[in-house]
Amino acid sequence: MNALTVYAPAKINLALKILRRRADGYHDIQTILQKVSLYDTLSLKLTAHQGITVTADDPSIPTDSRNLAYRAADLLLKQQKITLGITIHIKKIIPAGAGLGGGSSNAAATFAGLNKLLRCNLTESDLHRLGVEIGADVPFFLYDKPSALAEGIGEQLSPVKIQIPLWLVIVFPGFSISTKWVYENYKVLTNARKNIRILRYFKQLKTVLHILSNDLEKVVTQQYPEIEKIKRTLIQAGACGSLMSGSGSSVFGIFPDEHRAQEALSLLGTPASRVFIAHSL
């Protein structure tokens with residue numbers, strides 16, 4: 001086997017709490033992450049010629065060493081001392097710079113795919129260690145469960161079980177937001193709550209709705225008031241709750257069922273935005 005197709009899901013943050021700024025410039029966080037049914041598709045192929053070639057059907061996506069799939073392939077090849085070449089073609093569905101983890105998921109899918117393709121026999125914990133070198137969200141996409149509590153910079157994972165399906169409408173407003181900019185402009189309040197209410201099992205929708213919170217929303221909505229407007233529109237369209245995902249720019253609404261999520265699609269979106277329906281994995 002010298003070729004493999006892998007799928008890279010998006011994620012949403014159901015809760016995101018910033019605890020403190022660390023000496024290394026990163027922030028300690030607590031976040032509840034959920035994988036959702038919105039996927040990029042990566043086609044991996046081994047070649048006899050050394051080097052990594054990345055192509056994408058979205059011209060706005062970098063295809064050099066700024067691309068996280070490229071960096072994942074490069075790291076794995078070097079770590080395993082493999083001299084074969086790799087081509088990676090990315091069919092993009094997940095918007096970039098949208099708080100949905102697309103780049104990190106692409107990196108994780110590349111690690112997992114090449115591990116299989118090259119018969120490296122790396123364990124999940126081996127891949128986790130490599131993933132942290134690429135980005136804080138990468139370990140979650142290598143995690144064998146669909147939802148997790150992430151702590152530290154996001155790399156310390158523990159299981160969370162959401163027992164009810166979540167039907168989502170995700171709105172990408174048509175512009176990306178720099179995660180670096182958001183965190184640089186976030187001011188940690190010394191009197192802030194120390195952590196999110198830690199729940200491990202969610203058996204009812206109302207329990208999920210109760211934890212919806214994102215400390216980064218205030219920073220982002222001051223600069224991008226469209227985010228707050230999208231949240232209100234989602235509620236008006238029938239969402240039970242709405243939140244910005246991660247550092248933005250995407251906003252999701254949680255709906256009672258698929259039918260009401262589908263109904264909401266016709267009420268949402270502008271010429272600049274993209275709207276998706278998805279469910280929790």
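Percent of Cα-Cα pairs per 10 Å bin, from 0 to the last occupied bin, for segment 59-130, please list those.
18, 54, 25, 3
Taking all pairs of distinct Cα atoms, average 1/r, flip it, and tell me the Kirkwood hydrodynamic radius of segment 1-50 in Å to one decimal place.
Answer for segment 1-50: a Kirkwood hydrodynamic radius of 14.3 Å.
For a quick check: with amide H placed at 1.01 Å from N, whose amide H comes under 5 Å from I93's, ignoring anything fewer than 5 positions away on the same chain?
Under 5 Å from the amide H of I93 lie the amide H atoms of D40, T41, each far enough along the sequence or on another chain.
Between Q223 and E124, what's the calculated FRET efficiency when r is the beta-carbon distance and R0 is 41 Å? Round to 0.05.
After rounding, the FRET efficiency stands at 0.60.
How large is ³J(HN,Hα) for each residue in segment 213-229, as worked out from phi by the Karplus curve 6.51 cos²θ - 1.76 cosθ + 1.60 (θ = phi - 60°), to whole Hz, x for Gly and Pro?
Rounded to whole hertz, the list is 6, 8, 4, 7, 4, 4, 4, 6, 5, 5, 8, 10, x, 4, 4, 5, 5.
Which value, in Å², gives the accessible area per residue of the chain when a 1.4 Å probe is used on the protein heavy atoms?
That works out to 47 Å² per residue.
Roughly how many Å² of D137 are accessible to a 1.4 Å probe, to the nearest 10?
About 50 Å², ignoring ligands and nucleic acids.
In sequence order, what are the phi-derived ³J(HN,Hα) couplings for segment 72-79 according to the Karplus relation 6.51 cos²θ - 1.76 cosθ + 1.60 with θ = phi - 60°, rounded to whole Hz, with x for glycine and proline?
Taking θ as phi minus 60°, the curve returns 5, 4, 4, 5, 5, 4, 5, 5 Hz for segment 72-79.
Using a Gaussian network model of the chain whose springs link C-alpha atoms within less than 10 Å, name the residue from K78, K187, K11 with the highest mean-square fluctuation.
Among K78, K187, K11, the largest GNM mean-square fluctuation belongs to K78.
Once you have the Kirkwood Rh of the chain from its Cα pairs, apply Stokes-Einstein at 37 °C and 0.692 mPa s and quote D in µm²/s. Don't jump to the answer; show the numbers that get you there.
Numbers: Rh = 19.3 Å.
Once the numbers are plugged in, D ends up at 170 µm²/s.
I'd like the Karplus ³J(HN,Hα) series for segment 160-170: coefficients 6.51, -1.76, 1.60, θ = phi - 60°, whole numbers in Hz, and an x wherever there's a Gly or Pro.
Going residue by residue, I get 10, 10, 9, 8, 10, x, 9, 9, 10, 10, 10 Hz, with x marking Gly and Pro.
What is the mean projected area of the alpha carbon convex hull for segment 1-142, to one decimal in square nanometres? Numbers along the way, then the final one.
Values: hull surface 35.3 nm².
Reported value for the Cα convex hull: 8.8 nm².
Please report, as a whole percent, how much of the solvent-accessible surface of the chain comes from carbon and sulfur atoms (probe radius 1.4 Å).
C and S atoms contribute 51 percent here.
The values are calculated or read from the model by the stated rules, or taken from the named source; none is laboratory data. Given the structure is predicted, the values throughout are model-derived calculations rather than measurements. We place every Cβ from the backbone using ideal geometry, glycine too, and count neighbours over all the protein chains shown. Just so you know, the surface numbers come from the protein's heavy atoms only, side chains and all, with ligands and any DNA or RNA stripped out. Shrake-Rupley method; radii C 1.70, N 1.55, O 1.52, S 1.80 Å.
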